[in-house]
Amino acid sequence: MSGDLAIIGKRQEILPFLATGALTFVIEKGEAEKKVTELINEGVKIIFFSEDFMEELMDILKRYQTETFPCLIPFSTGAKKTNIAIERLRGIIKKAVGAEIFLEEK
């Protein structure tokens, strides 16, 4: 199974992504590292994951932080008031574009 884009998360978090045609996988706590490693080994280039799995994926995120692919991007679930996903996405875009393009909220 090779594809360019995959999305992993809990069932209620990935339901909106089913209509996109992307590879989607329902996972629970403790399964993220294994699933992301499988996807990377299968050649998936972009992997979106729920920010709830951020801590579980820290080793993988560090390992690939200077690589172009795979691009590992957390998405916010809205369940918690954190900026982890936004800050990581901001860093990825800044690295790709070479400039800060996010507007600061006032």
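The values are calculated or read from the model by the stated rules, or taken from the named source; none is laboratory data. No experiment lies behind these values; they were computed from the predicted model shown. Ideal geometry is used to build each Cβ from the backbone, glycine not excepted, and the neighbour counts take in all protein chains shown.
Scanning the stretch 56-70 for residues that are surrounded by 11 or more Cβ atoms within 10 Å (Cβ to Cβ) and not in a helix (DSSP H, G or I) yields Glu56, Leu57, Gln65, Phe69, Pro70. Step by step: first the residues of the stretch 1-27, then only those that are among the charged types (D, E, K, R) and in a loop (DSSP other than H, G, I, E, B), then the one that is surrounded by the most Cβ atoms within 10 Å (Cβ to Cβ). Which residue is that? Among those residues, the one meeting the criterion is Lys10. If you go through the stretch 34-74 and keep only what is touching a residue at least 40 places away in the same chain (Cβ under 8 Å), of a type outside the set (Ser, Thr, Tyr) and in contact with a Ser or Thr (Cβ under 8 Å, 6 or more places away or on another chain), you end up with Glu42, Gly43, Val44, Asp52. Annotation: Gly30 fulfils all but one of (1) outside any helix (DSSP H, G or I); (2) buried (at least 19 other Cβ atoms within 10 Å of the Cβ); the unmet one is (2). Close contacts from the stretch 77-92, counting a first residue that is at pLDDT 70 or above and a second that is loosely packed, with under 14 Cβ neighbours inside 10 Å and in a helix (DSSP H, G or I), with Cβ to Cβ under 9 Å and a gap of 6+ residues or different chains, come to Thr77/Gln12.
Looking at the stretch 24-39, which of its residues are touching a helix residue (DSSP H, G or I) at 6+ places or on another chain (Cβ under 8 Å) and not hydroxyl-bearing (Ser, Thr, Tyr)? First the steps, then the outcome.
The first filter runs over the stretch 24-39 and keeps only residues touching a helix residue (DSSP H, G or I) at 6+ places or on another chain (Cβ under 8 Å), leaving 24-27, 29, 32-33, 36-37.
Result: Phe25, Val26, Ile27, Lys29, Ala32, Glu33, Val36.
Taking the stretch 36-55 as the range and being among the polar types (S, T, N, Q) and either at positive phi or assigned to a helix (DSSP H, G or I) (or both) as the test, the residues that pass are Thr37, Asn41.
Please determine, by comparing only the residues of the stretch 26-72 that are of a type in the set (Ser, Thr, Tyr) and farther than 23 Å from Val97 by Cβ, which one is modelled with the lowest pLDDT.
Per the stated criteria, the residue is Ser50.
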